[in-house]
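A.B. asks: One structure, as structure tokens, below. Some questions next.
Where a number appears in this text, it was derived from the coordinates with a stated rule and is not lab data. Values in this document were obtained by computation on a predicted structure and should not be read as measured data. Because the Cβ atoms are built from the backbone with ideal geometry, glycine has one as well, and the counts that use them run over all protein chains shown.
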Amino acid sequence: MMFAKLLAHPEVREVLELRNKFGFMAYHGGGLEHLTDVIAQSAAQQSGASYYGVHQPRGLKWHVPSHEVSPNFSNSLKTFIDHVDVVITVHGFGRDGFFTSLLLGGRNRHLAGHLSTHLKQALPGYEICDDLETIPVDLRGLHDNNPVNLPRLGGVQVELPPRVRGVGRFWKDWQGDGLTPHTESLIEALVTTAKNWPLTK
């Protein structure tokens with residue numbers, strides 16, 4: 001019910017963009033997990049993939065656990081899950097010891113390996129964790145009801161530390177416009193991943 005209440009908030013935007021059968025999601029987007037919606041939506045638009053997002057206004061920060069983000073409370077989410085074959089869900093996290101680590105959870109381990117290859121090429125200064133044993137249990141994205149596992153072929157839950165999202169002290173002296181270079185490289189890797197993944201017709 002928390003998810004239904006969140007969607008009913010007058011300033012929360014639920015976004016559905018249907019394109020091909022590869023999907024990107026960011027349902028903790030907007031003011032909650034900074035730039036996850038921008039990253040996922042940009043990757044979807046640039047690769048011709050589908051997108052589902054829940055964008056919270058600045059200052060709301062209402063965290064609904066992933067296993068409670070259910071298509072039972074959202075026709076848009078149900079439509080998205082029924083439409084795509086596979087998905088990458090973009091999350092943000094911050095944890096001591098993982099500030100330069102990108103964590104690739106979820107049940108589609110073939111897609112995780114495919115994504116890992118492109119991320120390692122694009123972001124050599126980061127550790128790309130695609131072995132589930134190296135990922136904290138609560139960030140592995142393996143729950144039956146986690147939306148990343150609901151499409152026909154499941155998907156990958158990507159947990160992004162602040163730095164790669166352009167957040168934190170690392171970027172305090174950066175004077176550029178728009179997204180930081182690391183974030184742009186991340187999006188390019190996501191786009192390449194989606195474009196090179198075989199889809200059913």
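A.B. asks: Looking at the structure I just gave you, is Val156 in contact with a Lys or Arg (Cβ under 9 Å, 6 or more places away or on another chain) and in a helix (DSSP H, G or I)?
C.D. replies: When the stated conditions are applied, Val156 does not pass them.
A.B. asks: Then there's this: Mind telling me which of the residues Gln41, Gln46 ends up being surrounded by fewer than 19 Cβ atoms within 10 Å (Cβ to Cβ), among the polar types (S, T, N, Q) and either under 18 Å from Gly166 (Cβ atoms) or touching a helix residue (DSSP H, G or I) at 6+ places or on another chain (Cβ under 8 Å) (or both)?
C.D. replies: Of the residues listed, the single one that is surrounded by fewer than 19 Cβ atoms within 10 Å (Cβ to Cβ), among the polar types (S, T, N, Q) and either under 18 Å from Gly166 (Cβ atoms) or touching a helix residue (DSSP H, G or I) at 6+ places or on another chain (Cβ under 8 Å) (or both) is Gln46.
A.B. asks: Report, by residue number, each residue of the stretch 48-105 that is of a type in the set (A, V, I, L, M, F, W, C) and closer than 24 Å to His182 by Cβ.
C.D. replies: Residues satisfying the conditions are Ala49, Val87, Ile88, Val90, Phe93, Phe98, Phe99, Leu102, Leu103, Leu104.
A.B. asks: Could you check the stretch 115-145 and list, in sequence order, the residues that are surrounded by fewer than 18 Cβ atoms within 10 Å (Cβ to Cβ) and touching a helix residue (DSSP H, G or I) at 6+ places or on another chain (Cβ under 6 Å)?
C.D. replies: His143, Asn145 - these are the residues of the stretch 115-145 that are surrounded by fewer than 18 Cβ atoms within 10 Å (Cβ to Cβ) and touching a helix residue (DSSP H, G or I) at 6+ places or on another chain (Cβ under 6 Å).
A.B. asks: Being out of contact with any Lys or Arg (no Cβ under 8 Å at 6 or more places or on another chain), among the acidic types (Asp, Glu) and surrounded by fewer than 16 Cβ atoms within 10 Å (Cβ to Cβ), is that true of even one residue in the stretch 164-178?
C.D. replies: yes
A.B. asks: List the number of the failed condition for Thr200; all other conditions in (1) surrounded by fewer than 19 Cβ atoms within 10 Å (Cβ to Cβ); (2) closer than 21 Å to Ser101 by Cα; (3) among the hydroxyl-bearing types (Ser, Thr, Tyr) hold.
C.D. replies: For Thr200, the failing item is (2).
A.B. asks: Only helices (runs of 4 or more DSSP H) wholly contained in the stretch 1-97 count here; list those with 3 or more residues that are of a type in the set (S, T, N, Q).
C.D. replies: 36-47, 75-83
A.B. asks: Moving on to the next point. Go through the residues of the stretch 102-120 one by one and say whether even a single one is touching a residue at least 24 places away in the same chain (Cβ under 8 Å), among the polar types (S, T, N, Q) and in a helix (DSSP H, G or I).
C.D. replies: For the stretch 102-120, residues touching a residue at least 24 places away in the same chain (Cβ under 8 Å), among the polar types (S, T, N, Q) and in a helix (DSSP H, G or I): absent.
A.B. asks: Go through the stretch 159-187 residue by residue and tally those that are part of a helix (DSSP H, G or I), of a type outside the set (A, V, I, L, M) and within 17 Å of His91 (Cα to Cα).
C.D. replies: 6
A.B. asks: Now, a different point. Being among the basic types (Lys, Arg) and free of Cβ contacts under 8 Å to residues at least 24 places away in the same chain is the filter here, so list the residues in the stretch 1-59 that pass it.
C.D. replies: Selection gives Lys5 alone.
A.B. asks: Let me ask you something else. Does the stretch 65-73 contain at least one residue that is touching a residue at least 12 places away in the same chain (Cβ under 8 Å) and under 19 Å from Leu199 (Cα atoms)?
C.D. replies: Within the stretch 65-73 (the criterion being touching a residue at least 12 places away in the same chain (Cβ under 8 Å) and under 19 Å from Leu199 (Cα atoms)), the answer is no, since none of the residues qualifies.
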